[in-house]
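Contents: one structure, followed by commentary.
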Amino acid sequence: MTSEQPITKAELLAGLRSSAAEVVATMRVLRPETFDQGRYESGWNGRQILAHIASIEWSYPRLLQPPAPAPAPSTSTAAPAARPAGGGGVDAYNARQVEQRASATIEELIEEFERNRAKTIEAVEATDESLFTQPARTAGGASGQLGRVFYNVAVTHVQQHTRDIAGG
């Protein structure tokens, strides 16, 4: 499979299932102190990276939703309203999600990941194959054919985080 070839629904589902099994198996055999070791991303340790994996999993099915229709052109000559400061973008969102899970146990984070991955798989199964060749863009700025973008964020990204937690 080259980077130019579209990812099929079957390939995406296989990747989602195998990466889920990899995450769960890896997390359950790691020694508890492994999760306390610093890794990266603003000083995150293994436990915080696992919280990130668990927290972002629910968002992947949103990639399958059709984009909102563009707003009607305005006839106003006034400058568009500025987006209010705050939010902080993807990094701030990720930090908030990790913080919300600060008191969760490793097992609770694994279970959250499993529940959310099951919902991701359900959403992909219910999606028409033709959608996976359509253009897509994530909140983090990744763009391309939906199948490839989805695979990169939900499979490859999660696999990399899993290796990082394990210290590999």
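What the table shows:
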| read-out | value |
| --- | --- |
| Positions within segment 10-50 being buried (at least 16 other Cβ atoms within 10 Å of the Cβ), without any contact (Cβ under 8 Å) to a residue 60 or more places away in the chain and of a type in the set (A, V, I, L, M, F, W, C), in sequence order | W44 |
| Tally of residues being of a type in the set (G, A, S) and touching a strand residue (DSSP E or B) at 6+ places or on another chain (Cβ under 7 Å) across segment 145-168 | 0 |
| Any hit, segment 2-20, residues being farther than 19 Å from A139 by Cβ and modelled with pLDDT under 60 | yes |
| S103 being surrounded by fewer than 15 Cβ atoms within 10 Å (Cβ to Cβ) and either within 22 Å of Y93 (Cα to Cα) or in contact with a Phe, Trp or Tyr (Cβ under 6 Å, 6 or more places away or on another chain) (or both) | yes |
| Residue in segment 90-103 that is assigned to a loop (DSSP other than H, G, I, E, B), at pLDDT 90 or above and in contact with a helix residue (DSSP H, G or I) (Cβ under 7 Å, 6 or more places away or on another chain) present | yes |
| Residue identified as hydroxyl-bearing (S, T, Y), on the phi < 0 side of the Ramachandran plot, touching a Lys or Arg at 6+ places or on another chain (Cβ under 8 Å) and at pLDDT below 95 among S55, S59, S74 | S55 |
| Segment 123-168 - residue that is among the basic types (K, R) and farther than 13 Å from P6 by Cβ and, of those, modelled with the highest pLDDT | R163 |
| Condition check for Q159: touching an Asp or Glu at 6+ places or on another chain (Cβ under 9 Å), under 23 Å from V90 (Cα atoms), surrounded by 13 or more Cβ atoms within 10 Å (Cβ to Cβ) and of a type outside the set (V, I, T) | yes |
| Evaluation of L109 against (1) under 20 Å from E22 (Cβ atoms); (2) of a type outside the set (S, T, N, Q); (3) more than 16 Å from the chain's Cα centre (by Cα) (one fails), failing number | (3) |
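The values are calculated or read from the model by the stated rules, or taken from the named source; none is laboratory data. The structure displayed is predicted, hence computed values, not measured ones. Don't worry about glycine lacking a Cβ; one is built from the backbone with ideal geometry, like all the others, and counts go over all protein chains shown.
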